[in-house]
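The values are calculated or read from the model by the stated rules, or taken from the named source; none is laboratory data. What you see is a predicted model, and the numbers here were worked out from it, not measured in a lab. FYI the Cβ positions are ideal-geometry reconstructions off the backbone, even for glycines, and counts take in every protein chain you see.
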Amino acid sequence: MPQWTDLIKPLIYLRTDNQFTIPRGIYNLLGGLGPSACGHGDYQIVIAGTVLATIPMIIIFFLGQRYFIERIATQGRKG
C-alpha cells in the first residue's frame, strides 16, 4: 500500500537522486535533515518544488474532470 509520507522505503530501493519519489525529492530539497545550521530552512525552494509537483496533477484533473463527473453520475443512477 503506497503512502505519501513514506521517506524510508524509497531509500531502501532507490540509490540515485533522479529515481527518488516526489515526497523524497521534496525532502531532499529541504536539505535532508531539516533546517540549516543558522536555524532557517530554505522553505521557498520547498514550496516551489511542491507547487511544481502539484501542477501536473491539477492539469490532469481538469482535463479528466468531465469523465470523473460522468462516472459518478452513472454510478448514482445504477442503484
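When restricted to residues that are surrounded by 10 or more Cβ atoms within 10 Å (Cβ to Cβ), out of contact with any Ser or Thr (no Cβ under 9 Å at 6 or more places or on another chain) and either more than 15 Å from Leu7 (Cβ to Cβ) or modelled with pLDDT of 80 or more (or both), segment 26-54 contains 14.
Apart from one condition, Phe20 fits all of (1) modelled with pLDDT of 75 or more; (2) surrounded by fewer than 10 Cβ atoms within 10 Å (Cβ to Cβ); (3) hydrophobic (A, V, I, L, M, F, W, C); the exception is (2).
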